[in-house]
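These notes concern the structure reproduced below.
The values are calculated or read from the model by the stated rules, or taken from the named source; none is laboratory data. What you see is a predicted model, and the numbers here were worked out from it, not measured in a lab. As a convention, Cβ positions derive from the backbone with ideal geometry for all residues, glycine included, and neighbour counts pool all protein chains shown. Protein only, heavy atoms only, side chains kept; ligands, DNA and RNA dropped before computing areas. Shrake-Rupley method; radii C 1.70, N 1.55, O 1.52, S 1.80 Å.
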Amino acid sequence: MRRAFILLFPLLAEPACASYSSRERVPIEAPRPWSMPRSTPAKSDGATAFWGQFGSSELDALLEFARTDSLDVAEAAARIDQAAAAVQAAKAPLLPSVEAVADIFVQSTNSRSLGSVSGTFVDAGIAAAYELDFWGKNQAYLGAARAGLQASRYDRIAASLTVAASVAVTYFQILGLRERIAITESSVTAAGQMLDLVESRARAGAALVREAAQQRSLLAQEQAAVERLKRQESAARVALSLILGRPVSWEALTADGLQSLHSPPVTRGIPPDLLSRRPDLARIEAQLAACRANVDAARAAVLPRVRLTASVGLQTAIVSTEATDTGLLYLATASVSQSIFDGGTAAAMRQRADAERREWLVKYKRAVLAATAEVQKALQDLSGIDQELASLQIVADQAQIASHLAETEYRAGAGELLAVLDTQRTLAQANNALSETRLARFLTLVGLFKAVGGGWNERSGS
């Protein structure tokens, strides 16, 4: 047995010497080059610099509110505190336990040789116990707890990024709705002016009553569209208040449209360190490190346990037939225990830990694919949106010219109201489509920024 122990010691003691990184480096093949012209936001000093490129002090203030008041961020911060407490708890088995002890017991003896003897014994002292972490089990548990703490920190970073992106998206949606409200209100004004003209001509007999009814219908449709957009804008403001963690009655925004914003510059290229810039991937890597430590701990749990105990104290004996006596007591023991039969519990725990690690490895591979897909999609969307915007701008410009000419001809009596109605509808649709696509571009920029890690990297910690 002694010889076998010597031969097996290097293998069994390996976990005791292992160190557990907060991130498990997983050999994953790097993403292949993108299959289209590549674009990412211009290099910045992090998230703050990116948001500042929109040129909106109002958005900057909203993001600051989100950073300090968001309930999602506060919840993630609380989980960090829980994980930090778990690390402290995992450190405890690596240190001796010390406790004060006191025992009082009464003994009574009645025999032929001694007669009746009774007494009270009082023991008081200090006891210490320490389990040698011979196989690295406790160290492995500590490594798992530290990896869990790091994972919770990455969770908070990811939560902050998600909240910031949600604030920006909702803010842009509000401005987009306000822009569409302004467009529709302009259509209402133009339709009202045209209705006055049609009614005036109808009274003079130069227009049909049917034409006046058609114009009233168009005006009512535009007015209904305004009210519908206002309800959507109000609901978006309520949603923004919930994201910020502030009361719904929070003061209204002052910006009136997307036209007041700048569009961050876009440069060619892809992030070479995409996998290290995403906090969600960093969290999974930390979780994998925790799983590896749990596997080592489960392996060490089936090996013998070595425990040292020591105590020192005083014993006072008060015996009915003798005088009171006080003496010093001390005790030191070393014990070795080994589980012989546990119904397969230890083996099952090890299999479970190993299966959990394999599960997180699959999650990591899926997250890598999702990350690259998100970047790819955002780049493709940006490329298509830019082309669409150019075409829609032409449509809106030409619709404006056609509407003006149709109205001029009708006022001069050389055109029909039907042509005016058609050009008004076309103009309203073109302006709304242009506004919606402009909003889509801002939302895609936010999505791309989030997809490439949101300006966060482990070196800066930002």
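Structure summary
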read-out: Residue 404-residue 99 pseudo-label distance in nm [points 7 Å out on the Cα-to-Cβ vector]; value: 9.0 nm
read-out: Cross-link reach list, lysines versus residue 450, counting only Cα pairs under 23 Å and skipping chain neighbours closer than eight places; value: 43, 363, 365, 377
read-out: Surface/4 estimate of mean projected area, convex hull on alpha-carbon atoms of segment 148-224, nm²; value: 6.1 nm²
read-out: For residue 365, solvent-accessible area (1.4 Å; no DNA, RNA or ligand), Å²; value: 100 Å²
read-out: Environment charge at residue 415 (Cβ cut-off 13 Å; Lys +1, Arg +1, Asp -1, Glu -1); value: -3
read-out: ³J(HN,Hα), Karplus 6.51/-1.76/1.60, whole Hz, each residue of segment 421-430, x for Gly, Pro; value: 4, 4, 5, 5, 4, 4, 5, 4, 5, 5
read-out: Projected label distance in nm at residue 61 and residue 394, using a 7 Å step from Cα toward the beta-carbon; value: 4.2 nm
read-out: Whole-Hz ³J(HN,Hα) from phi, Karplus 6.51 cos²θ - 1.76 cosθ + 1.60, for segment 185-192, glycine and proline x; value: 5, 5, 5, 4, 4, 5, 5, x
read-out: All-pairs alpha carbon distance profile, segment 316-450, 5 Å steps from 0, percent; value: 2, 8, 8, 7, 7, 6, 6, 5, 5, 5, 4, 4, 4, 4, 3, 3, 3, 3, 3, 2, 2, 2, 2, 1, 1, 1, 0, 0
read-out: FRET efficiency, residue 259 to residue 352 (Cβ-Cβ, R0 60 Å, nearest 0.05); value: 0.55
read-out: Protection proxy ranking, peptides 407-415, 127-135, 152-160, 91-99, average beta carbon neighbours within 10 Å, highest first; value: 152-160, 127-135, 407-415, 91-99
read-out: Qualifying lysines (Cα of each under 24 Å from Cα of residue 137; at least 8 residues distant if same chain); value: 91
read-out: Total formal charge among the other residues, if their Cβ is under 11 angstrom from that of residue 199, Lys/Arg +1 and Asp/Glu -1; value: +1
